[in-house]
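First up is the structure itself, then whatever we jot down about it.
FYI, it's all coordinate maths here, none of it is from the lab. Because the structure is a prediction, the values reported are computed rather than measured. Using ideal geometry, Cβ is built from the backbone for each residue, glycine included, and neighbour counts are taken over all protein chains shown.
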Amino acid sequence: MAIIKTTDKDWLDFQSAVKELKEYFLSLSARKGRALTYNVLTYGCQLNESDSEKLSGMLSAMGLIPSSGGELDDADVILFNTCSIRENADRHLFGNLGVFKTLKKKDPDVIIAVCGCMMKVPENVAKIKKSYPYVDLVFDPQQLHRLPLLLRDSIRSKKQLVNIAADDYIAEDSFFPIDRKRKFRALVPIMYGCNNFCTYCIVPYARGRERSRDFGEIVRELEDLASKGYKEVMLLGQNVNSYKGEDGKTFADILRAASDFEEFSRVRFMSSHPKDISDEVIDIMATRPNVEKHLHLAMQSGSDRILKAMNRPYTISRFLEIADTFRSRVEGGSLTTDIIVGFPGETEEDFQQTLRAVEKAKFDAAFTFQYSARPGTKAAAFEDQIPADIVTDRFGRLTEYTNRYAEESNSRLAGKTMEVLIEGISKAGDMTFSGRTITNHLVNFTIPEELGIDPGPDNLEGRLCEVRIDRARPYSVDGVLVSLRGA
Ligand code: SAH
Ligand code: SF4
Ligand code: F3S
């Protein structure tokens, strides 16, 4: 599969399609006597979130405004950005697509499009073609930069347009208008795709081969973000540590370049693969104050036999060695992970080894998954698939373990006063605020009235403050604001 960079011609085509669509939507809006809206529904990981910021940016450039925000809000352009990993991903998509059938009937000008990782699985595309003829446009994550052209063509032809790329494109962020969702946090993909082919995983098929963005382009984007007042950057990639830039530039170079900007209070990254994380990167985490003291390192299993069957090229003792290195060098750092239970062939003994590894690594938090066979992956064809009741049982036992260590990790913060980057009003909706420590611990806190602080989100989002932590919960800690840093 060829890896192709976008060209000047792509850019000119892009601009002319955006212009044409802007005119089209302007006349449609005049006809309807109201502003036109869009709704991008995002499932999946931060890479999909980042893609959605670009999709939204392109739709805004066409003159559309975001709909009022509900998940299944009516809008004039509805775009599903799907994921193939999330549990019940297909039920989400196909269930929700049905909801829009009546809307489309009522108003044939409504545009319904589906993109994202699920569209790289041919069965899903076939299902849309067969059962959802009112979907206007289907495209995949490699085609993001073609949205305006595809949208224009689908409007012109009034037929369902399905466009799944055979090539792995790399479109630099500068190609896109981007509507960043959070005003303080910028998602910055540094590479796309994955070459690892873990036997359970669909991502290499959905996202294509690894492509690293241009180092200079990334630095220019960081410069721009710093000048615009972003406080947090999140460097993204399926395996950020295998970044390969021109002139031998590595992930460590990017991390250093990002942390050189004093404007950023937090430099974060996701995800690291145990085979790629280097002592150099761990040292940067240890020594640079604005680099997060948090490493997300997927373990997947504690059994060497299962790791091998998963095509994860490390042993559990090597994994635990990296965990030790991180713990000893990055003081107070937090280590989080992904674990799958019920991989084909997993015995009770393999599972016990996973529990023992969790005991040793004492993860500060863990995302736990029940193995789910994904059509097209190697493991889906393995013979010894584990019955659902055993998977559920092991899952329950594992989460009991991981929750215990997560709560212990939170308990260690109790009584301390910690620096928190404020993210906003907490979801509980009771005027408690939420934010994160540099170790990625989630903190909910209140602001004593006598401090006379304006609690408006515009005043607080993205600001650093000191919070006294007084209580630990399983997934977060509670505290009280002590002081707010600078303006
Ligand atoms: N590239 C990242 C992982 C991205 S996918 C990494 O390797 O660290 C996020 C997580 O989803 C994986 O780490 C894995 O634990 C889980 N996952 C992926 N495919 C799965 C499947 N078929 N069944 C269950 N969990 C899966
Ligand atoms: Fe999937 Fe493995 Fe690639 Fe992560 S490293 S995206 S788990 S194939
Ligand atoms: Fe899902 Fe695709 Fe991300 S499968 S987890 S949205 S890369």
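Other residues lying with their Cβ under 11 Å from the Cβ of GLY63 contribute a combined charge of 0, Lys and Arg counting +1, Asp and Glu -1.
Between ASP153 and ARG256, the contour length at 0.36 nm per residue exceeds the alpha carbon distance by 32.7 nm. Taking Cβ atoms as reference points and 10 Å as the exclusive limit, the residues near GLN300 contribute a net charge of 0, counting Lys and Arg as +1 and Asp and Glu as -1. Report relative contact order for the range 10-72 in percent, whole number only (criteria: Cα-Cα under 8 Å, sequence separation at least 6). Averaging sequence separation for qualifying contacts and normalising by length gives 40 percent for the range 10-72. Since only THR368, ALA113, SER154 are under comparison, the one whose Cα sits farthest along the positive direction of the charge dipole of the chain, derived from C-beta charges on Lys, Arg, Asp and Glu, is SER154. Simple point charges give the picture: +1 on the Cβ of Lys and Arg, -1 on the Cβ of Asp and Glu, and for the range 157-242 a dipole about the Cα centre of about 500 debye.
Using R0 = 45 Å, the C-beta based FRET efficiency linking TYR134 and GLU450 works out to 0.20. Computed from the C-beta positions of LYS308 and LYS228, the FRET efficiency with R₀ = 56 Å rounds to 0.75. Set against the 2.2 N^0.38 Å expectation for a compact globular protein, the chain has a Cα radius of gyration ratio of 1.01.
Averaging the sequence gap over all C-alpha pairs within less than 8 Å and six or more residues apart, then dividing by the number of residues, gives the chain a relative contact order of 10 percent. Taking a straight line from the alpha carbon of LYS32, these lysines sit under 23 Å away, with near neighbours fewer than eight places off in the same chain left out: LYS19, LYS22, LYS101, LYS104, LYS105, LYS106, LYS158, LYS159.
Panel order for PHE369, PHE139, by other beta carbons found within 10 Å of each beta carbon, from fewest to most: PHE369, PHE139. Each residue, ARG412 and GLU383, gets one label point 7 Å from its Cα in the Cβ direction; the gap between the two is 4.5 nm.
All C-alpha to C-alpha distances of the range 343-409, sorted into 5 Å bins beginning at zero, yield P(r) values of 4, 16, 24, 22, 17, 11, 5, 1 percent in whole numbers.
Under a Cβ-Cβ cut-off of 14 Å, what is the net charge of the residues other than GLY245 that fall near it, where Lys and Arg count +1 and Asp and Glu count -1? Overall, the nearby charge balance is -1. Using the rule -39500 (n - 2.57) for each DSSP H run of four or more residues, divided by the residues of the chain, the 222 nm mean residue ellipticity is -11500 deg cm²/dmol.
Antiparallel beta bridges, as assigned by DSSP with both residues in the chain, represent about 30 percent of the total such bridges. Annotation for the range 3-64: trypsin sites (Lys or Arg not before Pro) lying in DSSP loop with at most 16 further Cβ atoms inside 10 Å of their Cβ are ARG34. Cysteines in the chain that lack a partner Cβ within the 4.7 Å cut-off: CYS45, CYS83, CYS115, CYS117, CYS194, CYS465.
When you restrict to C-alpha pairs under 8 Å that are six or more residues apart and normalise by the size of the range 182-292, the relative contact order lands at 27 percent. A Förster distance of 30 Å, applied to the separation of the beta-carbon atoms of SER60 and ALA166, puts the FRET efficiency at 0.50.
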